[in-house]
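Below: one structure, written as structure tokens.
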Amino acid sequence: MADAAAAGGAELVTAPDGPYANLTLSDLATVPNLRIAINYGDQCCKRAQPRNCATALAHGADACIAYRRAAIAPAFHAAHARILDTRRGAGLWLWKPYVIAHALCSVHPSATVLYMDAASDVTAPLAPVFALPHAWRQGVVPFIAPAREREAEYSRADVWRAMLPAYAGVSEEEVVDTPQMLAGFSVWSRAVELPPAAAAIDAQLIDASSPPDSLALTRTAYPRDALDWSLAWLAWSTVPGLLDDTPLNASGEPNAAGFREHTHDQSVFSVLAKATRLRAAMDPTGQYGGGHEDVWVNLHRDRS
């Protein structure tokens, strides 16, 4: 069963014969303990999004939200049109932290949200995945491929040089010389606080109390829960020169030796995850090596 949001910005999908068959988007804020998968598509993924939702529901999700471009508030788009109107990544993937924050604002605080790139199919039970934030006592759980190349090879130096001064006790080597984390899949729960980090962030980012239709970027304290963290990711992503490729290294410093290419949203996500010392689960696709058995999704990348 599907329930579409106003202007077609989001569609809620549930199993037609399941216990949540009559659930609507407006119900999400009042129903506790839901396991919700989310994805996003913009001028793509008309078949991939429904298939991703269907496979998630078949493997344990209670509901799935398929987001589209119209979910982004006009005021936010106007403020960040330079990024959002970039063809690559349908806006350099700035929509990713936005829709995750939108979902976390829209659901009951006890819900668990699983973000997945739309061009993927779930292949194994999701119960262990949804359980990760509570099992680890960590409200945001990223994924990592130990065999993947270092951060220095896939992030411009401006990213960590801009972000790390806000986080005491995290060295550049801890970020640069470790594998980059993956932004295509992540698990979120506001019911679990984030573990204490080394020190407080400079209070200049965002207001986590903003309604999901505005997501104003103003001020906040150090991220305390999954919503704070998603908004911090969003705020850092709007800083000129971090998500995009211009101006190239405004710091005037060269990229690290071995730099290959910038990975935009994933670069900011990965540096923030390391700066806040998040523990990461193993790459769920198995596509980056590592020889592990924790594979539960097929990342087919078919965006039709």
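The numbers here are math on the coordinates, done by the rules we state, and not lab data. If you're wondering where the values come from, they're calculated on a predicted model, not measured in any experiment. For neighbour counting, all protein chains shown are included, and Cβ atoms are generated from backbone atoms with ideal geometry for every residue, glycine included.
Between residue 294 and residue 110, full extension at 0.36 nm per residue minus the direct alpha carbon distance yields a gain of 63.7 nm.
Once the C-beta distance of residue 135 and residue 44 is scaled by a Förster radius of 35 Å, the resulting FRET efficiency is 0.55 to the nearest 0.05.
About its Cα centre, what dipole magnitude does the range 109-166 give when the only charges are +1 on Lys and Arg Cβ and -1 on Asp and Glu Cβ, stated in debye to the nearest 20? It works out to roughly 220 debye. In the frame of its principal axes, the range 1-153 has Cα extents of 43, 42, 29 Å, reported largest first. Here the range 72-134 is treated as a sphere whose radius is the Kirkwood value from Cα pairs; by Stokes-Einstein at 10 °C and 1.306 mPa s it diffuses with a coefficient of 115 µm²/s. Subtracting the Cα-Cα distance of residue 287 and residue 17 from their residue separation scaled by 0.36 nm leaves 93.8 nm.
Spacing of the modelled spin labels on residue 149 and residue 70, each 7 Å from Cα toward Cβ, amounts to 4.0 nm.
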